[in-house]
Amino acid sequence: MTKKQQASLRPELAVAGVPETFISDTLLARLPENLAPAPWDARCTAVIWTARGGKDAAAALPPSLRRHTSVMVVGGLVRYEYTPVGTYDEVFGIVIAREGRKPFGTVAFMAVNGLETLVGGRTNWAMPKTLADFSGAPETGMTATGVESTWQVSARPRVIGPSIPYRTKGTSRQVDAADRTLVSALEGRFRMRPALVTVDVSSEGTLPRWLRPGRHLGAVSPEMSFSLGVPAVL
């Protein structure tokens, strides 16, 4: 089955993402309908880290967003304790770009271990979720391994500071199957402990070029809650 034929069967799932976010015909046939439309509220624990942006990070964006300046990459491994589709684990790579002085985030890579959240992410917000296996925990070290393609991401944090409360607001921009840019609002609050995070990334694709391995400044969040709103077309 060609990519065009695949997209014609479930057009809402054919969203922009890096090569590691590919989903096969076999997986496509297993996916349920989306029964949890936006908005979503969620609670989780996480380890996150930051790294520089640059040309490789900009190249991970959908073509229609590459005119914007990439300023940062945020990576993370997450264990969700509550969502509208239940509990699951997640790994992500977000490119932070800037339009003028206004920053926004685009999920270029995301993988989960639940079919309902895979469908929800792609259908609700055009986030290119694929399938992965997970081991470990965010607070002590966690690994995600691709099911659909050969890649692996792991993160081991070393806490270097006390827990502090934090609130954040932001927007995501994703490109859907119709090549529309969807803008969604995110609001969150959490407690975070600053950490040095040792990240390992391996892939036959482009992932290590922009979700870079090495030691990065980041944080462990033992308590995080956020809401992701209904997207609007830009």
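Observations, loosely collected:
- Within region 188-202, tally of residues that are open to solvent by 50 Å² or more (accessible area, probe 1.4 Å) and touching a His at 6+ places or on another chain (Cβ under 9 Å): 0
- Test for A132: is it small (G, A, S), in a strand (DSSP E or B) and surrounded by fewer than 19 Cβ atoms within 10 Å (Cβ to Cβ): no
- For region 55-70, the candidate set comprises residues that are free of Cβ contacts under 8 Å to residues at least 60 places away in the same chain and either among the small types (G, A, S) or in a strand (DSSP E or B) (or both); within that set, the residue that is surrounded by the fewest Cβ atoms within 10 Å (Cβ to Cβ) is T69.
- Of note, V85 satisfies the criterion of being outside any strand (DSSP E or B) and under 30 Å from S163 (Cβ atoms).
- Among residues of region 26-54, those that are open to solvent by 20 Å² or more (accessible area, probe 1.4 Å), within 22 Å of L207 (Cα to Cα) and not in a strand (DSSP E or B), counted: 1
- Number of the exception - D179 against (1) within 20 Å of D56 (Cα to Cα); (2) over 15 Å from the mean Cα position of the chain (by Cα); (3) open to solvent by 10 Å² or more (accessible area, probe 1.4 Å): (1)
- All of T140, T206, T130 fail the test of being without any contact (Cβ under 8 Å) to a residue 24 or more places away in the chain and β-branched (V, I, T), apart from T140.
- Filtered residues of region 199-215 (kept if farther than 15 Å from T145 by Cα and touching a Pro at 6+ places or on another chain (Cβ under 8 Å)): T206
- Residue that is surrounded by the most Cβ atoms within 10 Å (Cβ to Cβ), among those in region 81-127 that are among the β-branched types (V, I, T), under 19 Å from A59 (Cβ atoms) and in contact with a helix residue (DSSP H, G or I) (Cβ under 7 Å, 6 or more places away or on another chain): V95
- Hey, P231 closer than 17 Å to Y80 by Cα and in contact (Cβ under 8 Å) with a residue 40 or more places away in the chain or not: no
- Hits in region 203-234 - residues which are under 19 Å from A108 (Cβ atoms) and open to solvent by 60 Å² or more (accessible area, probe 1.4 Å): E204, R209, P213, L234
- Selection count where residues are among the small types (G, A, S) and out of contact with any Asp or Glu (no Cβ under 9 Å at 6 or more places or on another chain), scope region 136-175: 5
- From V78, V73, residue being farther than 19 Å from N124 by Cα, in contact with a Gly (Cβ under 7 Å, 6 or more places away or on another chain) and either crowded, with 24+ Cβ neighbours inside 10 Å or at pLDDT 95 or above (or both): V73
- Positions within region 135-147 being hydrophobic (A, V, I, L, M, F, W, C), part of a strand (DSSP E or B) and surrounded by fewer than 19 Cβ atoms within 10 Å (Cβ to Cβ), in sequence order: A137
The values are calculated or read from the model by the stated rules, or taken from the named source; none is laboratory data. The shown structure was predicted, so the numbers you read here are calculated from the model rather than taken from an experiment. Please note: Cβ atoms are built from the backbone with ideal geometry, for glycine as well, and neighbour counts cover all protein chains shown. For accessibility, only protein heavy atoms count, side chains too; no ligands or nucleic acids. Shrake-Rupley method; radii C 1.70, N 1.55, O 1.52, S 1.80 Å.
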